[in-house]
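Let me begin by presenting the structure, written as structure tokens, before commenting on it.
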Amino acid sequence: MRLILAIFLTVSVFADASVRAHRRAHIWAEKTVLLLHFDGADAATSATDVALGDTAPHTVAFVDNAQIDTAQSKFGGASLLLDGNGDYVDVANSPDFNFGSSDFTVELQFRLGGAGTNTWQELIGMWAEVGGGKSWLIGYDYNTTTLYFATSADGSSQDVCSAVVSLDGFVHLAGVRDGSTLRLFVNGTSVSTAAVSGSIYADTVKPMRIGARNNAALYAKGHIDEVRISDVARYTANFTPRQGPFQAIGQ
Ligand SMILES: [Ca+2]
Ligand SMILES: [Ca+2]
């Protein structure tokens with residue numbers, strides 16, 4: 001009888017722990033609205049959004065020579081290759097990428113591939129140069145080696161974090177809205193902050209673009225891996241970037 005009771009108690013404890021872990025994972029999953037591993041066969045021209053939050057999976061389209069490349073990878077044996085001349089990846093417009101006045105995090109691994117066709121290399125964003133279509137972006141000025149994270153409240157004005165950074169190999173970049181503060185992290189280290197207030201300009205038409213700016217020929221050159229967008233401020237102080245691919249369930 002004592003043995004049976006002991007077994008019962010042991011099973012109960014494990015069951016409780018399992019339920020708690022599952023609930024915790026579910027809470028985190030709802031915070032990830034886009035997750036792209038850019039894995040697969042060399043030269044493939046597709047990627048699947050594996051996030052489990054909100055309205056995912058989002059539709060992803062490769063443009064020009066954008067392709068999966070197994071020669072370089074941060075995780076998973078492949079990443080997205082962009083040749084710096086006409087290449088980008090579009091993710092269909094979605095309320096998931098219009099953050100309003102809420103916190104959010106945009107992060108990716110970038111491996112700079114040298115000079116592109118333009119000094120500015122747009123890495124990710126919803127940002128059109130003309131027509132008041134600026135929402136948010138992460139971009140890199142190749143000539144000044146300056147990294148930027150910017151948002152716009154009205155589609156034309158802008159709040160900007162920026163820092164001169166050395167990009168060598170894959171580098172984890174994260175832009176975070178944390179209440180009234182914009183934060184830019186490079187490999188988990190805070191490199192710039194800026195004040196932000198109110199709602200970020202909502203664009204209900206243009207796609208969210210990886211590797212180029214909407215309506216401007218500002219192309220990234222190099223490799224991008226492990227893109228994740230979350231509707232929470234995941235990083236509010238220095239951190240150690242996860243040394244493995246993000247999981248669709250869990251942190
Ligand atoms: Ca990958
Ligand atoms: Ca091209």
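The values are calculated or read from the model by the stated rules, or taken from the named source; none is laboratory data. Note that the structure is predicted; figures quoted are calculated from it, not measured. Reconstructed Cβ throughout: ideal geometry from the backbone, glycine too, with neighbour counts over all protein chains shown.
Would you pick out the residues in the stretch 90-133 that are polar (S, T, N, Q) and in contact with a Phe, Trp or Tyr (Cβ under 8 Å, 6 or more places away or on another chain)?
First, the residues of the stretch 90-133 that are polar (S, T, N, Q): 93-94, 98, 101-102, 105, 109, 117-119, 121.
If the condition is that a residue be polar (S, T, N, Q) and in contact with a Phe, Trp or Tyr (Cβ under 8 Å, 6 or more places away or on another chain), then Thr105, Gln109, Thr117, Asn118, Thr119, Gln121 are the ones that fit.
Going by what's in this entry, would Val63 be described as modelled with pLDDT of 95 or more, closer than 27 Å to Ala202 by Cβ and within 16 Å of ligand 2 (Cβ to nearest atom)?
On the way: modelled with pLDDT of 95 or more: yes; closer than 27 Å to Ala202 by Cβ: yes; within 16 Å of ligand 2 (Cβ to nearest atom): yes.
The answer is yes for Val63.
If you check Ser102, Ser73 for being under 24 Å from Val191 (Cα atoms), among the small types (Gly, Ala, Ser) and at pLDDT 95 or above, only one passes: Ser102.
In the stretch 73-116, which residue that is in a loop (DSSP other than H, G, I, E, B) and of a type in the set (Asp, Glu) is nearest to ligand 1 (Cβ to nearest atom)? Before the answer, list the steps.
The initial filter retains those residues of the stretch 73-116 that are in a loop (DSSP other than H, G, I, E, B), namely 73-78, 84-87, 92-94, 98-103, 113-116.
Right, trim to of a type in the set (Asp, Glu) and you get 87, 103.
Numbers: Asp87: 17, Asp103: 26 Å.
Filtering first and then ranking leaves Asp87.
Counting residues in the stretch 230-242 that are farther than 19 Å from Asn85 by Cα, part of a loop (DSSP other than H, G, I, E, B), without any contact (Cβ under 8 Å) to a residue 24 or more places away in the chain and within 16 Å of ligand 1 (Cβ to nearest atom) gives one or more.
If you go through the stretch 132-164 one residue at a time, how many are part of a loop (DSSP other than H, G, I, E, B) and within 17 Å of Gly116 (Cβ to Cβ)?
The total comes to 4.
Counting only residues that are over 19 Å from Leu34 (Cα atoms) and among the acidic types (Asp, Glu), the stretch 78-111 holds 2 of them.
Yes/no matrix, rows are residues, columns are (1) farther than 22 Å from Asp87 by Cα; (2) hydrophobic (A, V, I, L, M, F, W, C); (3) crowded, with 18+ Cβ neighbours inside 10 Å:
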| residue | (1), (2), (3) |
| --- | --- |
| Thr146 | no, no, no |
| Phe149 | no, yes, yes |
| Arg177 | yes, no, yes |
| Leu182 | yes, yes, yes |
| Ala202 | yes, yes, no |
| Pro207 | no, no, yes |
| Leu218 | no, yes, yes |
